[in-house]
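Accompanying notes for the structure given below.
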Amino acid sequence: MSVPIIEVENVSKSFGGVIANRSVSLSVPRGGITGLIGPNGSGKTTLFNSIVGYHPIDSGSIRLEGREISKLRVQEIARLGLLRTFQATRIYGKMNCVQNMLISIPHRKAGFFDMFASERGEVVERAEHLLAFVGLYDKRFLRAGSLSFGQQKLLEFAMALMNEPTVLLLDEPTAGINPTLINGLIERLKRANTEFGITLFIIEHNMRVIMNMADVIYCLAHGELLTSGEPGAIQRDQRVIDAYLGAH
Ligand code: ADP
Ligand code: MG
(Lines give C-alpha, C1' and ligand atoms only; values in the text may rest on other atoms or scores of the structure.)
(Ligands and ions follow the chains in the order given, each with its own letter.)
Protein backbone atom coordinates (compact mmCIF):
# COMPACT_ATOMS: atom_id res chain seq x y z
CA MET A 1 0.00 0.00 0.00
CA SER A 2 1.29 3.47 -0.87
CA VAL A 3 1.15 6.34 1.64
CA PRO A 4 -2.37 7.84 1.75
CA ILE A 5 -2.54 11.18 -0.03
CA ILE A 6 -4.30 12.81 2.96
CA GLU A 7 -3.83 11.72 6.55
CA VAL A 8 -5.91 13.30 9.31
CA GLU A 9 -4.78 12.35 12.81
CA ASN A 10 -6.61 13.20 16.04
CA VAL A 11 -7.89 16.50 14.68
CA SER A 12 -10.05 18.57 17.04
CA LYS A 13 -11.74 21.88 16.33
CA SER A 14 -14.11 23.91 18.53
CA PHE A 15 -16.04 27.11 17.95
CA GLY A 16 -16.55 28.72 21.34
CA GLY A 17 -18.19 25.98 23.37
CA VAL A 18 -19.20 23.88 20.35
CA ILE A 19 -16.92 20.94 19.59
CA ALA A 20 -17.28 20.55 15.82
CA ASN A 21 -14.60 17.84 15.45
CA ARG A 22 -13.30 15.69 18.27
CA SER A 23 -10.10 13.73 17.71
CA VAL A 24 -10.96 12.69 14.15
CA SER A 25 -8.54 10.37 12.35
CA LEU A 26 -8.96 9.18 8.77
CA SER A 27 -6.98 8.67 5.61
CA VAL A 28 -7.73 9.24 1.96
CA PRO A 29 -6.06 6.77 -0.41
CA ARG A 30 -4.33 8.16 -3.49
CA GLY A 31 -6.27 7.88 -6.72
CA GLY A 32 -9.57 6.78 -5.22
CA ILE A 33 -12.94 8.28 -4.37
CA THR A 34 -13.52 8.59 -0.64
CA GLY A 35 -16.86 9.60 0.90
CA LEU A 36 -17.65 11.54 4.07
CA ILE A 37 -21.19 11.30 5.42
CA GLY A 38 -23.01 12.15 8.63
CA PRO A 39 -26.11 13.97 9.80
CA ASN A 40 -26.38 17.77 9.59
CA GLY A 41 -24.09 19.45 12.08
CA SER A 42 -21.88 16.37 12.51
CA GLY A 43 -18.74 18.33 11.54
CA LYS A 44 -18.18 17.37 7.90
CA THR A 45 -17.70 20.88 6.51
CA THR A 46 -15.55 21.84 9.50
CA LEU A 47 -13.22 18.93 8.74
CA PHE A 48 -12.91 20.00 5.09
CA ASN A 49 -12.22 23.59 6.19
CA SER A 50 -9.47 22.33 8.50
CA ILE A 51 -7.88 20.19 5.77
CA VAL A 52 -7.72 23.02 3.22
CA GLY A 53 -6.35 25.52 5.74
CA TYR A 54 -9.45 27.69 5.96
CA HIS A 55 -9.09 27.87 9.75
CA PRO A 56 -6.48 26.63 12.24
CA ILE A 57 -7.15 23.38 14.10
CA ASP A 58 -7.01 23.16 17.91
CA SER A 59 -4.90 19.98 17.93
CA GLY A 60 -3.88 17.05 15.77
CA SER A 61 -2.04 16.61 12.50
CA ILE A 62 -3.01 16.87 8.83
CA ARG A 63 -0.62 15.57 6.18
CA LEU A 64 -0.69 15.85 2.42
CA GLU A 65 1.59 13.30 0.72
CA GLY A 66 3.35 12.83 4.05
CA ARG A 67 3.95 16.56 4.59
CA GLU A 68 2.42 18.41 7.55
CA ILE A 69 0.03 21.08 6.22
CA SER A 70 -2.01 21.98 9.31
CA LYS A 71 -0.10 25.25 9.79
CA LEU A 72 -0.26 26.32 6.15
CA ARG A 73 -2.71 28.80 4.64
CA VAL A 74 -5.34 28.09 1.98
CA GLN A 75 -3.24 29.49 -0.89
CA GLU A 76 -0.14 27.54 0.12
CA ILE A 77 -2.12 24.31 0.36
CA ALA A 78 -3.84 25.01 -2.97
CA ARG A 79 -0.41 25.40 -4.58
CA LEU A 80 0.46 21.92 -3.31
CA GLY A 81 -2.48 20.61 -5.35
CA LEU A 82 -5.23 20.34 -2.73
CA LEU A 83 -8.40 22.26 -3.62
CA ARG A 84 -12.02 22.33 -2.49
CA THR A 85 -15.41 23.38 -3.78
CA PHE A 86 -18.12 24.84 -1.58
CA GLN A 87 -21.63 23.81 -0.54
CA ALA A 88 -22.86 27.03 -2.18
CA THR A 89 -21.37 28.02 -5.56
CA ARG A 90 -18.73 30.74 -5.80
CA ILE A 91 -18.91 32.09 -9.31
CA TYR A 92 -19.02 35.59 -10.77
CA GLY A 93 -22.54 35.93 -12.16
CA LYS A 94 -21.84 38.94 -14.38
CA MET A 95 -18.90 37.32 -16.14
CA ASN A 96 -19.29 34.68 -18.81
CA CYS A 97 -18.18 31.07 -18.29
CA VAL A 98 -14.80 31.44 -20.01
CA GLN A 99 -14.00 34.55 -17.96
CA ASN A 100 -14.88 32.69 -14.77
CA MET A 101 -12.51 29.91 -15.82
CA LEU A 102 -9.68 32.40 -16.46
CA ILE A 103 -9.93 34.13 -13.11
CA SER A 104 -9.90 30.81 -11.27
CA ILE A 105 -6.28 29.93 -12.05
CA PRO A 106 -4.19 32.04 -9.65
CA HIS A 107 -4.17 29.15 -7.20
CA ARG A 108 -1.57 27.36 -9.29
CA LYS A 109 0.49 29.97 -11.14
CA ALA A 110 0.64 33.56 -12.28
CA GLY A 111 -2.73 35.13 -12.96
CA PHE A 112 -4.10 35.31 -16.49
CA PHE A 113 -3.22 38.98 -16.93
CA ASP A 114 0.43 38.39 -15.99
CA MET A 115 0.89 35.87 -18.79
CA PHE A 116 2.44 36.23 -22.22
CA ALA A 117 0.06 36.15 -25.15
CA SER A 118 1.09 32.65 -26.26
CA GLU A 119 0.49 31.30 -22.79
CA ARG A 120 -2.90 33.01 -22.65
CA GLY A 121 -3.92 31.21 -25.83
CA GLU A 122 -3.12 27.87 -24.23
CA VAL A 123 -5.05 28.75 -21.11
CA VAL A 124 -8.13 29.82 -23.07
CA GLU A 125 -7.94 26.56 -25.01
CA ARG A 126 -7.73 24.61 -21.78
CA ALA A 127 -10.70 26.56 -20.35
CA GLU A 128 -12.78 25.71 -23.40
CA HIS A 129 -11.69 22.08 -23.28
CA LEU A 130 -12.77 21.79 -19.65
CA LEU A 131 -16.06 23.59 -20.33
CA ALA A 132 -16.69 20.97 -23.00
CA PHE A 133 -15.77 18.25 -20.48
CA VAL A 134 -18.55 19.42 -18.11
CA GLY A 135 -21.01 19.95 -20.97
CA LEU A 136 -21.02 23.76 -20.96
CA TYR A 137 -19.13 24.48 -24.19
CA ASP A 138 -22.23 25.83 -25.95
CA LYS A 139 -22.85 28.17 -23.04
CA ARG A 140 -19.27 29.43 -22.72
CA PHE A 141 -20.11 33.03 -23.66
CA LEU A 142 -23.24 33.26 -21.51
CA ARG A 143 -23.19 35.09 -18.21
CA ALA A 144 -22.59 32.57 -15.45
CA GLY A 145 -25.47 34.10 -13.50
CA SER A 146 -27.90 33.07 -16.23
CA LEU A 147 -27.07 29.35 -15.85
CA SER A 148 -29.24 27.00 -13.80
CA PHE A 149 -27.95 26.14 -10.33
CA GLY A 150 -26.83 22.70 -11.51
CA GLN A 151 -24.95 24.23 -14.45
CA GLN A 152 -23.31 26.71 -12.09
CA LYS A 153 -22.06 23.77 -10.01
CA LEU A 154 -20.66 22.15 -13.16
CA LEU A 155 -18.92 25.45 -13.95
CA GLU A 156 -17.49 25.58 -10.45
CA PHE A 157 -16.21 22.04 -10.88
CA ALA A 158 -14.56 23.00 -14.20
CA MET A 159 -13.03 26.07 -12.50
CA ALA A 160 -11.44 23.83 -9.87
CA LEU A 161 -10.05 21.58 -12.64
CA MET A 162 -8.33 24.62 -14.22
CA ASN A 163 -5.89 24.49 -11.29
CA GLU A 164 -4.90 20.90 -12.08
CA PRO A 165 -5.52 19.63 -8.53
CA THR A 166 -4.13 16.31 -7.36
CA VAL A 167 -6.84 16.12 -4.71
CA LEU A 168 -10.25 17.75 -4.87
CA LEU A 169 -12.56 18.05 -1.87
CA LEU A 170 -16.21 18.46 -2.83
CA ASP A 171 -18.76 19.63 -0.25
CA GLU A 172 -22.18 18.26 -1.23
CA PRO A 173 -21.69 18.57 -5.00
CA THR A 174 -25.22 17.39 -5.82
CA ALA A 175 -27.07 19.55 -3.25
CA GLY A 176 -29.82 21.58 -4.89
CA ILE A 177 -29.21 20.05 -8.32
CA ASN A 178 -32.09 18.91 -10.48
CA PRO A 179 -32.19 15.06 -10.35
CA THR A 180 -31.80 14.86 -14.13
CA LEU A 181 -28.41 16.63 -13.91
CA ILE A 182 -27.14 14.54 -10.99
CA ASN A 183 -26.24 11.47 -13.07
CA GLY A 184 -24.29 13.67 -15.49
CA LEU A 185 -22.38 15.20 -12.61
CA ILE A 186 -21.58 11.79 -11.13
CA GLU A 187 -20.23 10.64 -14.51
CA ARG A 188 -18.01 13.73 -14.79
CA LEU A 189 -16.67 13.31 -11.28
CA LYS A 190 -15.85 9.67 -11.98
CA ARG A 191 -14.15 10.62 -15.25
CA ALA A 192 -12.09 13.33 -13.50
CA ASN A 193 -10.97 10.56 -11.17
CA THR A 194 -10.15 7.95 -13.80
CA GLU A 195 -9.02 10.10 -16.76
CA PHE A 196 -7.24 12.95 -14.95
CA GLY A 197 -6.18 10.84 -11.97
CA ILE A 198 -7.60 13.30 -9.44
CA THR A 199 -8.18 11.88 -5.97
CA LEU A 200 -11.68 12.83 -4.79
CA PHE A 201 -12.88 13.30 -1.22
CA ILE A 202 -16.61 13.98 -1.23
CA ILE A 203 -19.12 15.07 1.41
CA GLU A 204 -22.48 13.87 0.17
CA HIS A 205 -25.94 13.88 1.63
CA ASN A 206 -27.50 11.83 -1.13
CA MET A 207 -26.88 8.20 -0.12
CA ARG A 208 -27.56 6.83 -3.59
CA VAL A 209 -24.88 9.10 -5.03
CA ILE A 210 -22.16 8.33 -2.51
CA MET A 211 -22.89 4.59 -2.50
CA ASN A 212 -22.53 4.65 -6.27
CA MET A 213 -19.20 6.51 -6.28
CA ALA A 214 -17.06 5.92 -3.22
CA ASP A 215 -14.56 3.10 -2.61
CA VAL A 216 -14.59 3.80 1.11
CA ILE A 217 -16.90 5.92 3.26
CA TYR A 218 -16.28 7.61 6.61
CA CYS A 219 -19.23 8.51 8.81
CA LEU A 220 -19.15 11.32 11.38
CA ALA A 221 -21.68 11.81 14.20
CA HIS A 222 -21.54 14.60 16.78
CA GLY A 223 -18.09 15.59 15.56
CA GLU A 224 -16.57 12.16 16.06
CA LEU A 225 -15.74 9.39 13.63
CA LEU A 226 -18.47 6.79 14.03
CA THR A 227 -17.26 4.18 11.56
CA SER A 228 -15.78 3.63 8.11
CA GLY A 229 -15.95 0.95 5.46
CA GLU A 230 -17.04 -0.05 2.00
CA PRO A 231 -20.37 1.39 0.82
CA GLY A 232 -22.28 -1.88 1.24
CA ALA A 233 -21.09 -2.35 4.82
CA ILE A 234 -21.81 1.30 5.70
CA GLN A 235 -25.32 1.05 4.30
CA ARG A 236 -26.07 -1.92 6.57
CA ASP A 237 -24.27 -0.52 9.63
CA GLN A 238 -26.83 -0.09 12.40
CA ARG A 239 -24.79 2.72 14.02
CA VAL A 240 -24.97 4.72 10.79
CA ILE A 241 -28.70 4.09 10.44
CA ASP A 242 -29.26 5.14 14.07
CA ALA A 243 -27.16 8.30 13.65
CA TYR A 244 -29.30 9.41 10.72
CA LEU A 245 -32.58 8.47 12.39
CA GLY A 246 -31.49 10.17 15.62
CA ALA A 247 -30.81 13.38 13.70
CA HIS A 248 -34.42 13.87 12.66
P1 ADP B 1 -21.91 19.57 8.73
O2 ADP B 1 -21.15 20.08 7.57
O3 ADP B 1 -21.69 18.12 9.03
O4 ADP B 1 -23.39 19.87 8.61
P5 ADP B 1 -20.52 21.63 10.24
O6 ADP B 1 -19.08 21.28 10.18
O7 ADP B 1 -20.99 22.72 9.34
O8 ADP B 1 -21.42 20.32 10.06
O9 ADP B 1 -20.89 22.06 11.72
C10 ADP B 1 -20.52 21.31 12.87
C11 ADP B 1 -20.85 22.11 14.12
O12 ADP B 1 -19.96 23.23 14.22
C13 ADP B 1 -22.26 22.68 14.14
O14 ADP B 1 -22.74 22.64 15.47
C15 ADP B 1 -22.05 24.09 13.67
O16 ADP B 1 -23.07 24.95 14.20
C17 ADP B 1 -20.69 24.44 14.25
N18 ADP B 1 -19.95 25.42 13.43
C19 ADP B 1 -19.46 25.21 12.19
N20 ADP B 1 -18.81 26.29 11.74
C21 ADP B 1 -18.92 27.24 12.73
C22 ADP B 1 -18.45 28.59 12.88
N23 ADP B 1 -17.74 29.19 11.91
N24 ADP B 1 -18.74 29.22 14.02
C25 ADP B 1 -19.44 28.62 15.01
N26 ADP B 1 -19.91 27.37 14.94
C27 ADP B 1 -19.64 26.67 13.81
MG1 MG C 1 -21.76 21.00 5.75
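The values are calculated or read from the model by the stated rules, or taken from the named source; none is laboratory data. Just so we're clear, the structure is a prediction, and the values are computed from it rather than from any experiment. Positions of Cβ are backbone-derived with ideal geometry, glycine not excepted, and every protein chain shown enters the neighbour counts.
Selection of first residues in the stretch 36-52 that are under 12 Å from N21 (Cβ atoms) and in a loop (DSSP other than H, G, I, E, B) and of second residues that are among the β-branched types (V, I, T) and more than 6 Å from ligand 1 (Cβ to nearest atom), restricted to Cβ pairs under 8 Å at least 6 apart or on distinct chains, gives the following pairs, ordered by first then second residue: G43/V24. With respect to I62, is the statement that it is within 16 Å of ligand 1 (Cβ to nearest atom) and at pLDDT 95 or above true? Yes; evaluated as a whole, the condition is true for this residue. For the structure I just gave you, tell me whether I210 is modelled with pLDDT of 95 or more and either within 15 Å of ligand 1 (Cβ to nearest atom) or in contact with a helix residue (DSSP H, G or I) (Cβ under 8 Å, 6 or more places away or on another chain) (or both). No.
So which residues in the stretch 134-143 are part of a helix (DSSP H, G or I) and in contact (Cβ under 8 Å) with a residue 40 or more places away in the chain, if there are any at all?
Residues of the stretch 134-143 that are part of a helix (DSSP H, G or I), as a first pass: 137-139.
Across the stretch 134-143, the qualifying residue is only K139.
Listed conditions (1) within 16 Å of ligand 2 (Cβ to nearest atom); (2) buried (at least 16 other Cβ atoms within 10 Å of the Cβ); (3) not small (G, A, S) are all met by N40, apart from (2).
Can you name the residue in the stretch 161-185 that is among the β-branched types (V, I, T) and under 13 Å from the mean Cα position of the chain (by Cα) and is also farthest from L83 (Cα to Cα) among such residues? Across the stretch 161-185, the extreme among qualifying residues is T174. The condition of being away from ligand 2 (no atom under 16 Å from the Cβ), modelled with pLDDT of 95 or more, under 23 Å from E224 (Cα atoms) and out of contact with any Pro (no Cβ under 9 Å at 6 or more places or on another chain) does not hold for I5.
Restricting attention to the stretch 9-37, the residues that are surrounded by fewer than 20 Cβ atoms within 10 Å (Cβ to Cβ), near ligand 1 (Cβ under 7 Å from one of its atoms) and modelled with pLDDT of 95 or more add up to 2.
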